[in-house]
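Since the structure comes first, as structure tokens, the remarks are kept for the end.
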Amino acid sequence: MDYIELAVQLIDMRATVPQIKMERTMSQIARGEILALNYLAANGNQAYPKDMSRALMLTTARVAAMLKSLEGQGMITRSPDPSDSRQVIVCLTEKGVALVEERRTGMIHSVAKMLEALGEEDAKAYVRIQARLIELGDIWR
């Protein structure tokens, strides 16, 4: 099997993805501030900025700017860590939790439509392959 040729095909196909409505919707949801909100929701609605930076693969400056914006929108609060006042804990507000839940519900319906369009066999294969890629992590780097 020629993995280079397959890689070229995959990259060429992915270049057209922004034109596909479903993929475009998922990409918009997964960007920037909503990504940070989703991270917080997945981590008990709170996290340290340095952990967010590491997990989201963003600079600490970018995370700080994002948190400032989210705080201004009332989506998060930042407060000193009671056990270590040198650190700050970022917490989702009720408004932030509501937005994450709203976006998640919308995304679930969109993904379900995409999977339904693929059909049962391809949908199961797609989910299986995505899980495998996550399992492999950064092995290909």
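A few points about this structure:
- Inter-probe distance in nm under a simple model that places probes 7 Å from Cα toward Cβ, at Ala64 and Thr16: 4.4
- Folded to 0 to 90 degrees: helix 60-72 orientation relative to the chain principal axis, Cα: 70
- Computed packing ranks the peptides 45-55, 124-134 as 45-55, 124-134, most packed first, by mean other Cβ atoms within 10 Å.
- Model label points for Ile89 and Ala7, set 7 angstrom from Cα along the Cα-to-Cβ axis, are 4.4 nm apart.
- Neighbour counting of Cβ atoms within 10 Å sorts the residues Leu58, Leu6, fewest neighbours leading, into Leu6, Leu58.
- Placing unit charges on each Cβ (+1 for Lys and Arg, -1 for Asp and Glu) gives the chain a dipole about its Cα centre, and among Gln73, Gln130, Thr59 the Cα reaching farthest toward its positive end belongs to Gln73.
- Axis angle, to the nearest 10 degrees, between helix 94-118 and the longest C-alpha principal axis of the chain: 0 degrees.
- Segment Ile134-Asp122, extension gain: residue separation times 0.36 nm, minus the distance between their alpha carbons: 2.5 nm
A short reminder: the numbers here are calculations on the coordinates, not readings from a lab. The model shown is predicted, which means the values in this text are computed figures rather than measured ones. Don't worry about glycine lacking a Cβ; one is built from the backbone with ideal geometry, like all the others, and counts go over all protein chains shown.
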